[in-house]
Amino acid sequence: MKRSVLLSVVVIFALLLAALLHSQAFAQAGFEDDRVMLQGFYWESYRHGYPERFPAFGDKKWYELVQQQAAAIQDGRFDLVWLPPRPTRAI
């Protein structure tokens, strides 16, 4: 008898734990959605747009390049692009 009660408690606990783990997770900001964010920079992105210092990277700033690719980014099913703040001084 005691063994069946213990087994019942263990099964109920396992079911409750499974239900809690199965519940929908929320993003860090608390949004209940399925948006996908793209990291819109890379290690060398700050070099774009300064041809006098970094000629291999061209004269367009990184933000302009990302903006030009907005349609392709959207086609890739990204909803948001995170870009670091623009520098406040010349690099």
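The values are calculated or read from the model by the stated rules, or taken from the named source; none is laboratory data. Note that this is a predicted model, so its numbers are computed, not measured. Glycine also receives a Cβ, built like all others from the backbone with ideal geometry; neighbour counts cover every protein chain displayed.
Being small (Gly, Ala, Ser) and part of a loop (DSSP other than H, G, I, E, B) is the filter here; which residues of segment 39-91 pass it?
GLY40, GLY49, GLY58, GLY76, ALA90
Is it the case that PHE26 is modelled with pLDDT under 85 and among the aromatic types (Phe, Trp, Tyr)?
The answer is yes for PHE26.
Under 6 Å by Cβ, and 6 or more places apart or on different chains, what pairs join a residue from segment 68-85 that is modelled with pLDDT of 90 or more and surrounded by fewer than 11 Cβ atoms within 10 Å (Cβ to Cβ) with one that is assigned to a loop (DSSP other than H, G, I, E, B) and of a type outside the set (D, E, K, R)?
Note: pairs meeting the criteria are TRP82/GLY40.
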